[in-house]
Amino acid sequence: MACVPPLELWCSGNAKDWRDALALEEEAIASVAKRGGRKAKLPALNARLSEITPGMTSISKEQLCKLMEWKLTRGKMRPLMRFITALDEEKVLACTKKGFQLAKEGEKNLKQAVEALSEMKGVGTATASL
């Protein structure tokens, strides 16, 4: 299965192209993990990320920490983890419950959903949109 180049895929509305790209995700992550260092954690973090599903009503602080670790391992390292680990469980549950509920209500509420999730220090638009 050939994968469409990233820019072409992003501009494409072709569901098959997106499914094909997602089917190659594990292979791509394993390839990046071979580089070693912090990238070696990616396969385990990616598997853990699958625990967070669209049907959830909120996530725990532990799940948010794993999500942030996954995000920071994939991209440029930023000093955000200290803010996430300092959050209390009740704040994480309340903000994620509110944000997830708004997101489930439809596109008209996506901005408010991202804002609700961004009430947690260390969670910005990029993390909230995951």
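The values are calculated or read from the model by the stated rules, or taken from the named source; none is laboratory data. Note that the coordinates shown come from a computational prediction; the quantities given were computed from them, not determined experimentally. In this analysis, Cβ positions are derived from the backbone assuming ideal geometry, glycine residues included, and neighbour counts consider all displayed protein chains.
Residues in region 51-61 that are farther than 9 Å from V92 by Cβ and either basic (K, R) or free of Cβ contacts under 8 Å to residues at least 40 places away in the same chain (or both): E51, I52, T53, P54, G55. The set of residues in region 1-23 that are within 19 Å of G75 (Cβ to Cβ) and surrounded by 12 or more Cβ atoms within 10 Å (Cβ to Cβ) comprises L9, A21.
Among the residues of this structure, S31 does not count as one that is farther than 18 Å from G75 by Cβ and among the hydroxyl-bearing types (S, T, Y). Mind checking whether some residue in region 24-47 is part of a helix (DSSP H, G or I), within 21 Å of S129 (Cβ to Cβ) and either among the polar types (S, T, N, Q) or modelled with pLDDT of 95 or more (or both)? Yes, region 24-47 contains at least one residue that is part of a helix (DSSP H, G or I), within 21 Å of S129 (Cβ to Cβ) and either among the polar types (S, T, N, Q) or modelled with pLDDT of 95 or more (or both).
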